[in-house]
Amino acid sequence: MNTNRIRISGRLELVPRGMAIITDAGDHWVLEDFEPSNDDIGFDVTAEGVIVGLDRLRVEWLGQVPA
């Protein structure tokens with residue numbers, strides 16, 4: 001099992017470093033290998049992937065959290 005695998009939830013935002021998920025705790029996770037849909041920006045999402053840096057996530061899956 002890959003210990004660098006993680007699932008995070010938060011609001012998808014465009015920040016100066018690219019697309020990022022900002023968690024309720026205020027953590028910023030910059031997303032790699034991810035092409036955003038305009039329908040997702042500004043909404044709560046959950047992403048799963050592999051940690052590839054201190055605050056970077058290589059996205060393997062992303063979906064909107066139902067309202």
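The values are calculated or read from the model by the stated rules, or taken from the named source; none is laboratory data. Please read these numbers as outputs of a predicted model, since none were measured by experiment. Cβ coordinates were reconstructed from backbone atoms using ideal geometry, including for glycine residues, and neighbour counts include every protein chain displayed.
Checking each residue in region 19-59 for being surrounded by 13 or more Cβ atoms within 10 Å (Cβ to Cβ), in a strand (DSSP E or B) and not aliphatic (A, V, I, L, M) picks out His28, Trp29, Glu32, Asp44, Thr46, Glu48, Gly49, Arg56, Arg58. Remark: Thr46 matches the filter, which requires a residue to be under 14 Å from Leu62 (Cα atoms) and among the hydroxyl-bearing types (Ser, Thr, Tyr). How do the pairs read when you match residues in region 23-44 that are touching a residue at least 12 places away in the same chain (Cβ under 8 Å) and of a type in the set (A, V, I, L, M, F, W, C) with residues anywhere that are loosely packed, with under 14 Cβ neighbours inside 10 Å and not in a loop (DSSP other than H, G, I, E, B), using Cβ under 6 Å and keeping only pairs 6 or more apart or on different chains? Note: pairs meeting the criteria are Val30/Gly18; Phe43/Gln64.
Of the residues making up region 41-64, those that are of a type in the set (Phe, Trp, Tyr) and modelled with pLDDT of 95 or more number 0.
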